[in-house]
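Heads up: the structure comes next, in structure tokens.
Just so you know, all these numbers are worked out from the coordinates, no wet-lab data involved. Please read all numbers here as calculations on a predicted model, not as lab measurements. Here the Cβ is made from the backbone with ideal geometry for all residues, glycine too, and neighbour counts use every protein chain on show.
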Amino acid sequence: MKSRGVSKAAARSPSPPGEGRGEGPSAHDDFRAAVRDVKPLPAPNRVEPFREPPRPIPVKRLEDEHAVLEDLSRLAHGYDVAGLDDMEIEDDALFLRPGLPRDILRKLRRTHWVIQEHLDLHGLTSEEAALATGQFLAECRRTGLRCVRIVHGKGLRSKNREPVLKHRIRKLLMRRDDVLAFVEPRAREGGGGAVVVLLEASA
């Protein structure tokens, strides 16, 4: 007697597309008929112009500059500080514009304000160094930098071991109206071979 059941092969045969899912078997044909007259758009005959990406916002630098301004405002109404850690005072080891509190020198020496840029004068003659320093400070003012470091060296290799460049650069700084103060930093920041300079805010 033959079995009335469905064969295993028939049970495994896939159903036509759409069957068992609520779609009629002609749904695919209907779609193709609906889009028969659709044509792809031609490729544009032009090149997209290059656009410079927006410049990143220097958030950290802006925060540091704001901190400098806040500290200067507070110090201007603060008090005088007699000492400057353990630094040895020389004739041109530090400079402070008259009327400003001496605590500015302490903060400069301790690098309380971040050093935003630096200039290295090694290998330059006295005249070249003076010109480079002037250009550097002008650019710092133009870009709004306030706290910078100038590395002039200790002059140990100069004739008679005289620190000619060191003295010239510091005297140049004293004569500039845009320099509020400068001081020799600690040894790890250059010591006697450098100065940390605080500049006036650009207009």
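Worth a mention:
- Seen from Gln135, the other residues with C-beta closer than 12 Å to its C-beta sum to a net charge of 0, counting Lys and Arg as +1 and Asp and Glu as -1.
- What the phi angles of region 189-194 give under the Karplus curve with 6.51, -1.76 and 1.60, with θ = phi - 60°, is a coupling list of 9, x, x, x, x, 8 Hz, glycine and proline written as x.
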